[in-house]
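The values are calculated or read from the model by the stated rules, or taken from the named source; none is laboratory data. Keep in mind the model is a prediction, meaning the values are calculated, not measured. Cβ sites come from the backbone with ideal geometry, for glycine too, and all protein chains shown count toward neighbours.
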Amino acid sequence: MRKSFTKYHGLGNDFILIDNRQQLQPILTPKQAIELCNRNFGIGADGVIFALPGEEQADYTMRIFNSDGSEPEMCGNGIRCLAKFIAELENNNKTKYNIYTGAGIIVPELQGDGQVTVDMGQPRLLASEIPTTLANANEKVVDRLLEVAGKSWPVTCVSMGNPHCITFVEDVTAIDLAKIGPEFEHDPVFPERTNTEFIQIISPKYVKMRVWERGAGATLACGTGACASVVAGVLTQNNERLVTVELPGGCLEIEWSTTDQKIYMTGPAEKVFTGIIA
């Protein structure tokens, strides 16, 4: 197999981008994605993203395999990288794309300063939508206690098309992600596993976040996690609707609009290098 690829990252959350416009299914298997994501024996990445032909009147379809071979519904940092990749492939003046994902149609727009703003749609808040058994199917999960590793954690759950469990802590640097992250991810109250965000409130407009991503582990950034965390902060009266979220890899600007109730995420996507998979 010989196939060209481009490496991108969004705040250190890094991806291998593949031009897959010639067919409807990814040209790589999950096993091959695992091998390519290996940082010692492969290219190294948190996931492989495929730009496929559009479905349901979308311009393109996004598929992604995580570094463990699992397939998430969507990836916030990844879709910013995909928008930059598509713009490079098309080489025209178009700046806005409708991209079909497992979380529905997502709309990224390239900005003149190199940033990408993404219309992430409306958050889903019912227990059945996340999904989780922490509450009845038609109830929200806000400040519910969850026992993990012998400790009670107050958690709020939000779906951005993929599941998120958010907990607010005094100091995010004190969290042992490698130990506690997998226990959250695989807790039986999350039948499809979960992403977990640990949030430290600096001010109502500025928070710090560390994340354990379902299928990828500790990463430098998570776009959908930042969006879900701002929603959780509003629901628990910890932050406002327009917030700077500081992640280990940098900052994202997140707004939960009062007019259309959609989440808007703005952040960078940087090209790193191109190559050939031999």
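Condition test on V272, is it of a type outside the set (K, R) and either without any contact (Cβ under 8 Å) to a residue 40 or more places away in the chain or closer than 15 Å to F168 by Cβ (or both)? It is false that V272 is of a type outside the set (K, R) and either without any contact (Cβ under 8 Å) to a residue 40 or more places away in the chain or closer than 15 Å to F168 by Cβ (or both). Within the range 76-123, being closer than 16 Å to M160 by Cβ, in a loop (DSSP other than H, G, I, E, B) and touching a helix residue (DSSP H, G or I) at 6+ places or on another chain (Cβ under 7 Å) holds for M120, P123.
Taking the range 199-273 and the strands (runs of 3 or more DSSP E) fully enclosed by it, no element has 3 or more residues that are aromatic (F, W, Y) and in the same structural domain as N38 (by TED's automatic domain parsing). Scanning the range 103-117 for residues that are surrounded by fewer than 16 Cβ atoms within 10 Å (Cβ to Cβ) and within 14 Å of T224 (Cβ to Cβ) yields one hit, G104. In the set (1) surrounded by fewer than 24 Cβ atoms within 10 Å (Cβ to Cβ); (2) in the same structural domain as V234 (by TED's automatic domain parsing), T156 fails one condition alone, (1). Residues in the range 11-34 that are within 19 Å of V272 (Cβ to Cβ) and either acidic (D, E) or free of Cβ contacts under 8 Å to residues at least 24 places away in the same chain (or both): D14, D19.
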